[in-house]
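The values are calculated or read from the model by the stated rules, or taken from the named source; none is laboratory data. Computed from a predicted model, the values in this text were never measured in an experiment. Because the Cβ atoms are built from the backbone with ideal geometry, glycine has one as well, and the counts that use them run over all protein chains shown.
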Amino acid sequence: MKEILFTIVREQADRQKVSKEVDRFIPESYLQSDMIVIISGIRRCGKSVFLQQIRRKQSERDYYLNFDDERLINFSVDHFQLLHEVFVELFGVQNTFYFDEIQNVLGWERFVRRMHDSGAKVFITGSNASLLSRELGTHLTGRYLQYELFPFSFAEYLQQRKIYPDRLDGLTTIEKGKMVSAFNEYLAIGGFPGYYRNKMDDYLKYLYESVLYRDVMVRNNITNEKELLKLVNFLSGNIAKTHSTTSLAKVIGVKNVTTVKNYISYLEDTYLLFQVVKYDHSLKAQYINPKKVYFIDTALSRILGFRTSEDYGRILENLVFLELKRRKHEVFYHRMKSECDFLIKEGNKISSAIQVSGYISDQQTKDREINGLLEAMKTHSLDIGYLLTADTNEVILVDQKTIHIIPVWKWLLSKENA
């Protein structure tokens, strides 16, 4: 094993030195802290490249290994000591470790804890949220910071395209046209960096199959492939719609609703999709109320699900949800007589309400969207609310409440809004 490790460490060190990808953001506090840093996210969202970018910012950068290598199939927790010896022999004594896709090694957290307790700084990436959480909670409590990485945001997509808007207001007709065009392209091709290179749908299909079979079915010993495929296809075709586990069980032909709950939990663990619950002061009510599902990427959900022209508003809603997740918000939806797409909770109170709609050119649609937003604002004593649309930009006053109507593309680029 030691000879294999020498070979792999050398090869990976040579291959990973330079990256010209979009520079991803991580708070400086994560880099300066003596805590273990966990970077989690779906496969192919850029975690490995991100780890290289972090390495370049550090004075010590050589103790690196990517465990997603078939030659490490027999690597076990007992081999970490050998790996440490290889690092020292090749690069001398250093105190910073970088491990990519470490969840492939059963018991990895014991070695990481030992290194941390001895004063080392450790950076880790992984593709399975639940796996990391369980192991961290058991062995690394109080020793780590977790940072979730998503596919490219709209701002990062513009950076990839070398578009650097110097302002969001007062755009000329041509400038606005270019921005809207870039946004529409982003909406269609999503945020997976690898998809930008060839825009072949087969790339996303292969990614999806890797997640489904390797991270869901194999890891959780699922044998009924047909049920799981049917569930994912249905959910991807019904993003931003409410569902209950009972209704989903009927759709895929499962008698036990617990099976559906487990399937969705496994899919959430891989970051393929997310559930949003209805806001309620009762945790029990939140648990039993219908939930809304959003996917990790608009292009991926387009490929997996059947789409109609009516889906445009819900695709925008999915995009807004992902941005709220990137901004680390705790998100719910509101429903009483009317519905509001997003409530943001800070501490023990709701701090913001956001409604998303495609186009509000007719008064009936505009009234419906505003009524849902107003109901949420009044329920939670909010003076300001946001209605995000495809193209409308105005501020209106309704029932002594201020509503900012903003194009989604503009909101995505403005960090001043909720």
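I need a count of the residues in region 381-402 that are more than 13 Å from Val356 (Cβ to Cβ) and buried (at least 18 other Cβ atoms within 10 Å of the Cβ).
1
In this structure, is Gly385 small (Gly, Ala, Ser), in the same structural domain as Leu322 (by TED's automatic domain parsing) and farther than 23 Å from Lys176 by Cβ?
Considered against the rule, which asks whether it is small (Gly, Ala, Ser), in the same structural domain as Leu322 (by TED's automatic domain parsing) and farther than 23 Å from Lys176 by Cβ, Gly385 comes out as yes.
If a residue counts only when it is small (Gly, Ala, Ser), which strands (runs of 3 or more DSSP E) contained entirely in region 86-175 have at least 2 such residues?
The strands (runs of 3 or more DSSP E) meeting that bar number zero.
Can you find a residue in region 357-372 that is in contact with a Leu (Cβ under 7 Å, 6 or more places away or on another chain) and without any contact (Cβ under 8 Å) to a residue 24 or more places away in the chain?
yes
Answer with yes or no whether Gly142 is surrounded by fewer than 14 Cβ atoms within 10 Å (Cβ to Cβ), in contact (Cβ under 8 Å) with a residue 12 or more places away in the chain and assigned by TED's automatic domain parsing to the domain that holds Asp62.
Working: surrounded by fewer than 14 Cβ atoms within 10 Å (Cβ to Cβ): yes; in contact (Cβ under 8 Å) with a residue 12 or more places away in the chain: no; assigned by TED's automatic domain parsing to the domain that holds Asp62: yes.
In short, no.
Could you grab me the full set of residues in region 176-200 that are modelled with pLDDT of 90 or more and either acidic (Asp, Glu) or not in a helix (DSSP H, G or I) (or both)?
Glu185, Gly190, Gly191, Phe192, Met200
Based on what the data block shows, is Ile370 of a type outside the set (S, T, N, Q), within 29 Å of Lys176 (Cβ to Cβ) and modelled with pLDDT of 95 or more?
Yes.
What are the residues in region 145-167 that are touching a residue at least 60 places away in the same chain (Cβ under 8 Å) and surrounded by fewer than 17 Cβ atoms within 10 Å (Cβ to Cβ), if any?
Leu145, Glu148, Gln159, Gln160, Pro165
Is it true that some residue in region 222-237 is in contact with a Phe, Trp or Tyr (Cβ under 9 Å, 6 or more places away or on another chain) and assigned to a loop (DSSP other than H, G, I, E, B)?
Here is the first cut: in region 222-237, the ones in contact with a Phe, Trp or Tyr (Cβ under 9 Å, 6 or more places away or on another chain) are 222, 225, 227-228, 231-233, 235-237.
This time we only want the ones that are assigned to a loop (DSSP other than H, G, I, E, B), so: 222, 237.
Yes; the residues of region 222-237 include at least one that is in contact with a Phe, Trp or Tyr (Cβ under 9 Å, 6 or more places away or on another chain) and assigned to a loop (DSSP other than H, G, I, E, B).
Please find, within region 341-367, the residue that is nearest to Lys176 (Cα to Cα) out of those that are more than 26 Å from the chain's Cα centre (by Cα) and among the acidic types (Asp, Glu).
Filtering region 341-367 for residues that are more than 26 Å from the chain's Cα centre (by Cα) and among the acidic types (Asp, Glu), the one nearest to Lys176 (Cα to Cα) comes out as Asp362.
Is one or more of the residues making up region 300-310 of a type in the set (S, T, N, Q), modelled with pLDDT under 95, surrounded by fewer than 19 Cβ atoms within 10 Å (Cβ to Cβ) and out of contact with any strand residue (DSSP E or B) (no Cβ under 7 Å at 6 or more places or on another chain)?
Of region 300-310, the ones of a type in the set (S, T, N, Q) are 301, 308-309.
Retained after the next criterion (residues that are modelled with pLDDT under 95): 301, 308-309.
After this cut, where a residue has to be surrounded by fewer than 19 Cβ atoms within 10 Å (Cβ to Cβ) as well, the list is 308-309.
From what's left, out of contact with any strand residue (DSSP E or B) (no Cβ under 7 Å at 6 or more places or on another chain): 308-309.
Yes: region 300-310 contains one or more residues that are of a type in the set (S, T, N, Q), modelled with pLDDT under 95, surrounded by fewer than 19 Cβ atoms within 10 Å (Cβ to Cβ) and out of contact with any strand residue (DSSP E or B) (no Cβ under 7 Å at 6 or more places or on another chain).
Of all residues being free of Cβ contacts under 8 Å to residues at least 40 places away in the same chain and assigned to a helix (DSSP H, G or I) in region 250-262, which is farthest from Val211 (Cα to Cα)? Just the residue, please.
Applying the filter and picking the extreme gives Lys250.
Determine which single condition Val276 fails, assuming it passes every other condition in (1) under 22 Å from Phe152 (Cα atoms); (2) at pLDDT below 95.
(2)
Output the residues belonging to region 49-98 that are of a type in the set (Val, Ile, Thr) and crowded, with 16+ Cβ neighbours inside 10 Å.
If the condition is that a residue be of a type in the set (Val, Ile, Thr) and crowded, with 16+ Cβ neighbours inside 10 Å, then Val49, Ile54, Val86, Thr96 are the ones that fit.
Identify all residues within region 237-250 that are crowded, with 16+ Cβ neighbours inside 10 Å and more than 21 Å from Arg335 (Cβ to Cβ); write none if there are none.
Gly237, Ala249
If you check Ile288, Ile296, Ile354, which single one turns out to be more than 28 Å from Asp201 (Cα to Cα) and touching a strand residue (DSSP E or B) at 6+ places or on another chain (Cβ under 9 Å)?
Every option except Ile354 fails the conditions.
Taking Tyr203 as the residue in question, decide whether it is under 23 Å from Asp68 (Cα atoms), touching a Phe, Trp or Tyr at 6+ places or on another chain (Cβ under 6 Å), without any contact (Cβ under 8 Å) to a residue 60 or more places away in the chain and not in a loop (DSSP other than H, G, I, E, B).
Here the answer is yes, as Tyr203 does meet what is asked.
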